[in-house]
Amino acid sequence: MSTWFITGISRGFGRTMTEELLRRGHTVIGTTRNGKGPFEHNNLRVFRMDVNDPSEVTAIMQAAVQAAGRIDVVVNNAGYGLVGAVEEVSDAEVDHVMATNFGGTHRVIKAALPFLRAQGSGHIVNFSSVGGFAGSAGFGIYCASKFAVEGMSEALAIELKPLGINVTIVEPGYFRTEFLSRDSAVVAATHISAYADTAGLTRSNVSVVDGRQAGDPVKGVAVIIDAVESGKPPFRLPLGADSIARIEQKMAQVQADIAAWRDRTTATAFDD
Ligand SMILES: NC(=O)c1ccc[n+]([C@@H]2O[C@H](COP(=O)([O-])OP(=O)(O)OC[C@H]3O[C@@H](n4cnc5c(N)ncnc54)[C@H](OP(=O)(O)O)[C@@H]3O)[C@@H](O)[C@H]2O)c1
């Protein structure tokens with residue numbers, strides 16, 4: 001049995017993953033922004049933490065290791081969606097979503113690594129998104145925050161492999177959590193009519209899709225936990241048929257772009 005540290009267990013994926021881990025006999029150290037657990041359990045310990053607060057993150061990670069003795073898996077789950085065309089999103093809206101989705105993930109990793117390195121083992125699971133692999137209208141800045149998570153994670157996986165620590169990024173498509181609800185998703189305050197048919201459509205779709213997403217979080221978290229427990233965890237774990245379809249579409253698009261200009265772009269070295 002292992003000990004999992006998970007950010008944002010109040011609801012959504014974090015809560016569902018906590019339930020499944022406890023059911024399987026693991027120990028969970030979870031964080032919520034109000035310090036209250038979603039429920040009580042002998043193998044669950046809850047700490048108050050906002051991933052945006054650097055001092056809290058370091059102190060809580062220390063307290064968590066002290067409480068549990070060790071941490072085997074760190075799950076960076078806390079995050080939220082920002083809806084708006086790139087031009088519509090304000091500097092403050094960009095800063096906050098980047099600080100939470102990317103900065104928070106980086107901060108938690110930095111706080112955890114001294115302990116994982118000392119153990120010589122561990123697994124870091126970072127929630128990205130299908131939007132961390134392929135951009136879509138109306139989610140540009142959210143996608144940027146998840147692309148940042150992916151770039152960092154790819155480098156991190158190379159750096160940590162010799163130290164015996166695994167890294168996995170999870171790329172969910174649409175799952176029926178509170179992600180698209182008014183309590184989670186932030187809609188940019190500015191609306192520009194020129195984007196009515198692109199980002200505007202995404203904006204109006206959010207409330208239509210909310211509560212009707214195909215992805216079942218219970219099945220989703222079971223796949224994530226199975227992958228970690230498999231002993232041969234993947235680096236990239238797309239989650240949901242919609243995620244796989246979009247990723248395959250993007251890979252084909254990248255290959256087509258490369259093929260169309262390969263002769264010219266490979267002939268750019270100095271002649272000598
Ligand atoms: N569901 C999807 O369709 C989907 C798709 C792709 C990726 N994802 C990713 O999956 C992860 C979990 O989202 P979800 O679907 O479970 O959404 P959710 O139901 O809205 O839950 C989000 C969780 O993140 C926490 N959180 C947000 N900002 C935080 C902060 N600054 N500090 C600490 N905790 C914070 C929330 O805590 P509070 O209760 O305090 O707000 C909540 O527990 C996110 O990283 C999201 O980007 C979800």
**Q.** Semi-axis lengths (Å, descending) of the ellipsoid that matches the C-alpha gyration tensor of the stretch 3-241
**A.** 30, 18, 17
(Q) What does the net charge come to around Ala256 if you take all other residues with beta carbon closer than 12 Å to its beta carbon, with K and R at +1 and D and E at -1? (A) +1
Q) When the chain is treated as a GNM, springs tying every alpha-carbon pair under 10 Å, which of Asn52, Asn43, Asn77 comes out with the largest mean-square fluctuation? A) Asn43
Q | lysines with Cα under 30 Å of Lys250, excluding same-chain neighbours fewer than 8 positions away | A | Lys146, Lys161, Lys219, Lys232
Q. Roughly what would the spin-label model give for Ala222 and Asp183, points 7 Å off Cα along C-beta, in nm?
A. 2.5
Q | Met98, Met17, Met49 arranged by Cβ crowding within 10 Å, fewest neighbours leading | A | Met98, Met49, Met17
**Q.** Separation between Cα centres of the stretch 202-255 and the stretch 95-129, rounded to whole Å
**A.** 20
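Summing -39500 (n - 2.57) over the DSSP H runs of n ≥ 4 in the chain and dividing by its residue number, what mean residue ellipticity at 222 nm do you reach, to the nearest 500 deg cm²/dmol? Intermediate results must be reported in sequence, preceding the final value.
Details: 8 runs with 120 residues, N = 272.
Value at 222 nm, helices only, nearest 500: -14500 deg cm²/dmol.
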Q | Alpha carbon centroid spacing (whole Å) that separates the stretch 69-84 from the stretch 147-191 | A | 8
Q | Inter-label distance, nm, simple model (7 Å from Cα along the C-beta direction), Ala214/Arg24 | A | 2.5
Q: Pop out the ³J(HN,Hα) list for the stretch 19-33 in order, Karplus 6.51 cos²θ - 1.76 cosθ + 1.60 with θ = phi - 60°, rounded to Hz; leave Gly and Pro as x.
A: 4, 5, 5, 5, 4, 7, x, 7, 9, 10, 10, x, 10, 9, 6
Q. Label-point separation (nm) for Ser55 and Asp197, each offset 7 Å from Cα along Cα-to-Cβ?
A. 5.2
(Q) For Gly122, what residues show an amide H to amide H distance below 5 Å, using hydrogens built from the backbone and excluding near sequence neighbours? (A) Asn166
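Bear in mind that the values in this text are calculations on the coordinates, not laboratory data. What you see is a predicted model, and the numbers here were worked out from it, not measured in a lab. Using ideal geometry, Cβ is built from the backbone for each residue, glycine included, and neighbour counts are taken over all protein chains shown.
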